[in-house]
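For reference, the structure is listed below as structure tokens.
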Amino acid sequence: MAGERAHDWDGSYAGPQPAPWDIGRPQAAFEELAAGGGLVGRVLDIGCGTGEHALMAAALGQEVLGIDWAPRAIEAARTKAAARGLVTATFTVGDVLDLQHRQDRFDTVLDCGLWHGLADDERPRLLGGLATVLHPGGRYHLLCCSDRFPGGWGPRRISEADLRASFSLDGGDEWRIERIEATTLALTIDPPEMAAWHATVVRR
Ligand code: SAH
């Protein structure tokens, strides 16, 4: 089941055109996060795609692991890392719903565009894994499509109330919401951007 979905995602990296989200640079919201010193310690980028956010962290000298289940995306990320000489970035093919089995631990988790693709029952699974791999006090930063994005195209819309519920109900007392702010995500298509949320949650 996961295999089929992974295959579908991999196909979005096969075409001559980049995927709608694959803009070839970091999203502005995560650039601001980096500029403000938000990428601390060891960084994990879940659903890293072709790696722009992980590579941004590596360019700042951080140790970073990017995980994506699409082999083409990971290959592209490794090629970029080599071309840019960014040796502190590692990329691996894997399912981010299996994080609880990992031995390594992180201080910062980045998620650009993964959360809004998860089914309801996958969210607690992801959060359980993140609670395992994030040190206490570590932060999970996520950018997801918001319900303020009009039209029918695109990922599932997420309301602020839905986000809050995910981290208070499903997340139990393991998470504290630090901020939820409206932002935008740039796209390679028309429309050129989508309304999004930038949420930061702290692992207690
Ligand atoms: N963060 C990247 C890619 C966003 S698109 C960027 O900003 O460009 C979402 C990515 O999550 C896709 O690359 C998809 O392959 C990956 N993904 C979705 N579900 C996943 C899962 N369960 N495990 C690993 N990767 C997953």
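The values are calculated or read from the model by the stated rules, or taken from the named source; none is laboratory data. Please read all numbers here as calculations on a predicted model, not as lab measurements. Neighbour counts are summed over all protein chains in view; Cβ atoms, including those assigned to glycine, are modelled from backbone coordinates with ideal geometry. Note: accessible area is taken over every heavy atom of the protein model, side chains too, but ligands, DNA and RNA are not part of it. Shrake-Rupley method; radii C 1.70, N 1.55, O 1.52, S 1.80 Å.
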Residue-by-residue Karplus 3J(HN,Hα) for segment 195-204, coefficients 6.51, -1.76, 1.60, Hz, glycine and proline x | 5, 9, 10, 10, 10, 10, 10, 9, 6, 5
Rounded to whole Å and ordered largest first, report the semi-axes of the equivalent ellipsoid of the chain derived from its Cα gyration tensor (root of 5λ).
-> 22, 21, 17
Within a Gaussian network of the chain (alpha carbon springs, distance under 10 Å), most fluctuating of A57, A70, A34 | A34
E181 accessible area, assembled protein chains, probe 1.4 Å, Å² | 90 Å²
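For segment 31-79, report the translational diffusion coefficient in µm²/s to the nearest whole number, using Stokes-Einstein at 20 °C, 1.002 mPa s, and a Kirkwood Rh over Cα pairs.
Values: Rh = 10.8 Å.
Rounded, D is 198 µm²/s.
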Equivalent ellipsoid dimensions for segment 44-165 as semi-axes, Å, which come from the Cα gyration tensor, largest first = 24, 18, 13
Span per principal axis, largest first, for the Cα atoms of segment 2-103 (Å) = 38, 34, 25
Against the globular-protein guess of 2.2 N^0.38 Å, express the Cα radius of gyration of segment 46-116 as a ratio, rounded to two decimals.
-> 1.02
Roughly what percent of Cα-Cα pairs across segment 145-191 reach past 14 Å?
-> 58 percent
Just Q27, Q17, Q103 to compare: in a GNM of the chain, with alpha carbon springs under 10 Å, which one fluctuates most?
-> Q103
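Chymotrypsin sites (Phe, Trp or Tyr not before Pro) within segment 1-51: which are DSSP loop residues with at most 10 other Cβ atoms inside 10 Å? Display every interim value, and only then the final one.
On the way: sites: W9, Y13, W21, F30; in loops: Y13, W21.
Loop-located and lightly packed - none at all.
Return the loop-located chymotrypsin sites (Phe, Trp or Tyr not before Pro) in segment 127-204 (DSSP other than H, G, I, E, B) with at most 15 other Cβ atoms within 10 Å of their own Cβ; answer none if there are none. If you can, show how the numbers build up before the last one.
Working: sites: Y140, W153, F167, W175, W197; in loops: W153.
Hits after loop and neighbour filter: W153.
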Please list, in chain and number order, the residues 5+ apart from D45 or on another chain whose amide H is under 5 Å from its amide H, with Hs placed from the backbone.
-> L65, G66, I67, L110
